[in-house]
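These notes concern the structure reproduced below.
The values are calculated or read from the model by the stated rules, or taken from the named source; none is laboratory data. Computed from a prediction, not measured in an experiment: that's the story for all the values here. Neighbour counts run over all protein chains shown; Cβ positions are idealised from the backbone, glycine included. Remember, those area values only see protein heavy atoms, side chains included, never the ligands or the DNA or RNA. Shrake-Rupley method; radii C 1.70, N 1.55, O 1.52, S 1.80 Å.
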Amino acid sequence: MVAKLNLDRIIGKHQDFPKPGILFRDINPVFRNPDALKFIASEFSRKFSKTRYDATAGIESRGFVVATAVGMKAGKGVIMIRKVGKLPGPTIKKSYDIEYGNATMELQTDAVKKGQRVLIVDDLIATGGTAVAAAQLVEELGGKVAGFGFVIELAGLKGADRLRQMGYRVESLVVYD
């Protein structure tokens, strides 16, 4: 059993980064702490214990760390959803809007099998654009999104609410207004 941790105390806070008026929540101290990684894996394992899923997908790049920890705890493989141009072989792509423009994510066409249930995880949910694109990629390949897990939720930006309104289950470990 992993001891209960207060992730908020471990998450770094950087005022005025990347620009004045922004309080940046830094997950890097969490990743450097093996007890925090074990706690994250255990908490998501507990929260999704009654949810059937076949693989854990991480969103580039910090989501890979979360997906690996969760996948290892659950005995599941890890799928990488990456920025465009980073994956070899045939891929599908999904473009989406972000705060300062647009971006494109991609997924290898053989990464998700038809009917496969995928738990999508990332370090942070803000506006939700990246998470929605990740879900669309999984579903375009015939997979089903079993849920979303985020270490940090920035509730004021409504991304998690957006996912919930779309019918997805969302679990966040630390929620900031």
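How many percent of the accessible area of the chain is carbon or sulfur, using a 1.4 Å probe?
Roughly 50 percent of what the probe reaches on the chain is carbon or sulfur.
Dividing the alpha-carbon radius of gyration of the range 26-76 by 2.2 N^0.38 Å (N being the number of residues), what value is obtained?
Dividing the Cα Rg of the range 26-76 by 2.2 N^0.38 Å gives 1.09.
So, in nm, how far is label Asp161 from label Ala103 when the simple model puts each one 7 Å beyond its Cα toward the Cβ?
Inter-label distance under the simple model: 2.2 nm.
Leaving out ligands and nucleic acids, and using a 1.4 Å probe, what accessible area per residue does the range 92-172 come to in Å²?
For the range 92-172, the per-residue accessible area is 43 Å².
Given contacts defined as C-alpha pairs under 8 Å and at least six residues apart, what's the relative contact order of the chain, whole-number percent?
17
Per residue, how big is the convex hull of the chain when only Cα atoms are used? Give it in Å³.
Per residue, the Cα convex hull of the chain comes to 116 Å³.
Roughly speaking, what is the centre-to-centre gap between the range 110-177 and the range 69-85 when only Cα atoms are used, to the nearest Å?
Here the answer is 14 Å between Cα centres.
Using the Cα centre of the chain as the reference point, and only Cβ charges (+1 on K/R, -1 on D/E), how large is the resulting charge dipole? Debye, rounded to the nearest 20.
540
May I ask you to list the chymotrypsin sites (Phe, Trp or Tyr not before Pro) in the range 48-130 that are in a DSSP loop and have at most 13 other Cβ atoms within 10 Å of their Cβ?
When the chymotrypsin sites (Phe, Trp or Tyr not before Pro) of the range 48-130 are filtered for loop state and at most 13 Cβ neighbours within 10 Å, Tyr100 remain.
For a test of understanding, tell me how many lysine pairs in the range 1-49 have Cα atoms under 23 Å apart, given they are 8 or more places apart or on different chains.
Lysine pairs meeting the criterion: 5.
Would you please name the GluC sites (Glu not before Pro) within the range 68-146 that are DSSP coil residues with at most 15 other C-beta atoms within 10 Å of their C-beta?
Here the GluC sites (Glu not before Pro) that fit, given the DSSP loop and packing criteria, are Glu99.
Do me a favour and compute the ellipsoid semi-axes for the range 54-144 from its Cα gyration tensor, root of five times each eigenvalue, largest one first, whole Å.
After scaling each eigenvalue by five and taking roots: 19, 16, 11 Å.
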